[in-house]
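Here is the structure we will look at, set down as structure tokens.
The values are calculated or read from the model by the stated rules, or taken from the named source; none is laboratory data. These numbers were taken from a predicted model, which means no experiment stands behind them. Don't worry about glycine lacking a Cβ; one is built from the backbone with ideal geometry, like all the others, and counts go over all protein chains shown. In case anyone asks, the SASA skips ligands and DNA or RNA and just uses the protein heavy atoms, side chains included. Shrake-Rupley method; radii C 1.70, N 1.55, O 1.52, S 1.80 Å.
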Amino acid sequence: MSIAGWRWEMTAVGEPLKRTEVEAFEAGPGEVVVEVAGCGICHTDIGFLHDGVRTRHELPLALGHEVAGFVVAASEGHEGLVGQAVIVPAVMTCGECEACRKGHGNICSAQKMPGNDMHGGFASHIVVPARGLCPVPVKGTGPDATVGELSLKLADLSVLADAITTPYQAVTRSGLAEGDLAIVIGLGGVGGYCVQIARAFGAKVIGIEPDAERREAMAKHCDAGVLDPSALDPKELKKEVKRLAKEAGARPIERKIYECSGTGGGQGTAFNLLDYGATLSVVGFTMAKQELRLSNLMAFDAKAVGNWGCVPELYPDALELVLEGKVEVEPFVQRFDDTELNAVLDQVHGHQLKVRPVIVPVKG
């Protein structure tokens, strides 16, 4: 079965995406065709489009790796998926290589990332591997299908594919437990969900964010407090974190630090906040470089770890937090028609949006 549609393709760094008609989206062996309900915009897309970060697939390429939609065609053996609402993982693993067998699918040598290794979700449809798709219970069809018993739209849930699952994996890997102190740096599209996930795990949460609107929006979720790093020097900030942690009754050691801002300043702040037994999880991406005293890791018996996406196996657990109402999605997303895509990308590049934009294909 072949399906006609379109893609918005990147043709060169810094150039507007170009809408290209596609005569036939077809599922090859082991693949399905997903009709896109919504695709979130991530700063990784901006890195590809404006900052010179190279895609692994040659241009032209449709970007977009936060995809939700309905399976509308499938290859032999996967026909049972047709009609199913799904989230397409941003990191799709093979499940067979040594890394996958050892539980390290994030470094799978055969992994596929939409909008990087293959055409992504800024399109009417996307062709993806059938393996690893996350089923979503919905009522209705199309972008406005509601999720579970919530008023949440399927299109908005597209952010589960990165903005929610990536910090979810970072939180689970860090060993965060009830009563721990979680420090989330950057309260934007990823950090805002990281805060909620950490709260769901029972942690006391401090948010660190220079933007006043974001601090205000996340204040109710940061039960131990929110801080403006631009108002304090590094020593003062560290002292203030200790004070807030003590007042909140958090454990005094083994704090968990999640760098979600994807900025040089945020990474510097995160490293400065290392303390005894701390775990620093690097969740955000930036091309900025840091000058660090790595001996701090030794002196505090601390550790710093990277976090590339999220393995598909963890998606159902992250989705469950949303279905249970422990992670709110709707207040932190805004939908736009795909005809507005280039304008919205410019706004994201200019840091003009305070929420995660979701692109919805317009039929016709």
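Structure notes:
- Within segment 54-83, the set of residues being closer than 13 Å to Asp117 by Cα and either among the hydrophobic types (A, V, I, L, M, F, W, C) or open to solvent by 10 Å² or more (accessible area, probe 1.4 Å) (or both) comprises Arg54, Thr55, Arg56, His57, Glu58, Leu59, Pro60, Leu61, Ala62, Leu63.
- Hits in segment 195-229 (condition: of a type in the set (Val, Ile, Thr) and either surrounded by fewer than 17 Cβ atoms within 10 Å (Cβ to Cβ) or in contact with a strand residue (DSSP E or B) (Cβ under 7 Å, 6 or more places away or on another chain) (or both)): Val195, Val205, Ile206, Ile208, Val226
- Count of segment 130-141 residues which are out of contact with any Cys (no Cβ under 9 Å at 6 or more places or on another chain), open to solvent by 30 Å² or more (accessible area, probe 1.4 Å) and either in contact (Cβ under 8 Å) with a residue 12 or more places away in the chain or among the small types (Gly, Ala, Ser) (or both): 5
- Any hit, segment 181-193, residues being part of a helix (DSSP H, G or I) and of a type in the set (A, V, I, L, M, F, W, C): no
- Only one entry in Glu254, Glu320, Glu240 is part of a helix (DSSP H, G or I) and buried (at least 16 other Cβ atoms within 10 Å of the Cβ), namely Glu240.
- Residue within segment 58-70 that is in contact with a helix residue (DSSP H, G or I) (Cβ under 8 Å, 6 or more places away or on another chain), part of a loop (DSSP other than H, G, I, E, B), touching a residue at least 24 places away in the same chain (Cβ under 8 Å) and under 21 Å from Ala130 (Cβ atoms) present: yes
- Hey, Lys112 in contact with a Pro (Cβ under 7 Å, 6 or more places away or on another chain) and open to solvent by 10 Å² or more (accessible area, probe 1.4 Å) or not: yes
- Checking each residue of segment 60-73 against the condition of being of a type in the set (Asp, Glu) and over 21 Å from the mean Cα position of the chain (by Cα) gives no match.
Quick grid of which residues meet (1) modelled with pLDDT of 95 or more; (2) within 30 Å of Gly188 (Cα to Cα):
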residue	(1), (2)
Lys18	yes, yes
Gly30	yes, no
Val36	yes, yes
His43	no, yes
Leu49	yes, yes
Leu59	yes, yes
Gly77	yes, no
Ala85	yes, yes
Glu96	no, no
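- Taking every residue in segment 238-260 that is within 10 Å of Asp275 (Cα to Cα) and pairing it with any residue that is open to solvent by 20 Å² or more (accessible area, probe 1.4 Å) and modelled with pLDDT of 95 or more, at least 6 positions away or on another chain, the pairs with Cβ-Cβ distances below 7 Å are Lys238/Asn272; Ile253/Tyr276; Ile253/Gly277; Glu254/Gly277.
- Against the numbered list (1) within 27 Å of Met92 (Cβ to Cβ); (2) out of contact with any helix residue (DSSP H, G or I) (no Cβ under 8 Å at 6 or more places or on another chain), Thr339 comes up short only at (1).
- Whichever residue in segment 115-129 is open to solvent by less than 10 Å² (accessible area, probe 1.4 Å) and assigned to a loop (DSSP other than H, G, I, E, B) and, among such residues, is farthest from Val358 (Cα to Cα): Asn116
- Qualifying residue in segment 20-41 (condition: in contact (Cβ under 8 Å) with a residue 24 or more places away in the chain, of a type in the set (Ser, Thr, Tyr) and in a strand (DSSP E or B)): yes
- Residue selected from segment 257-282 under the condition part of a loop (DSSP other than H, G, I, E, B) and out of contact with any Ser or Thr (no Cβ under 6 Å at 6 or more places or on another chain), by the criterion most open to solvent (accessible area, probe 1.4 Å): Tyr276
- For Ala145: the one exception among (1) open to solvent by 40 Å² or more (accessible area, probe 1.4 Å); (2) more than 21 Å from the chain's Cα centre (by Cα); (3) modelled with pLDDT of 95 or more: (1)
- Filtered by the rule that a residue be at pLDDT 95 or above and among the acidic types (Asp, Glu), segment 315-347 gives Asp317, Glu320, Glu324, Glu328, Asp337, Asp338, Glu340, Asp346.
- One residue alone among Gly132, Gly148 is touching a helix residue (DSSP H, G or I) at 6+ places or on another chain (Cβ under 8 Å) and within 19 Å of Gly30 (Cα to Cα), and that residue is Gly132.
- Residue in segment 351-361 that is at pLDDT 95 or above and open to solvent by 40 Å² or more (accessible area, probe 1.4 Å) present: no
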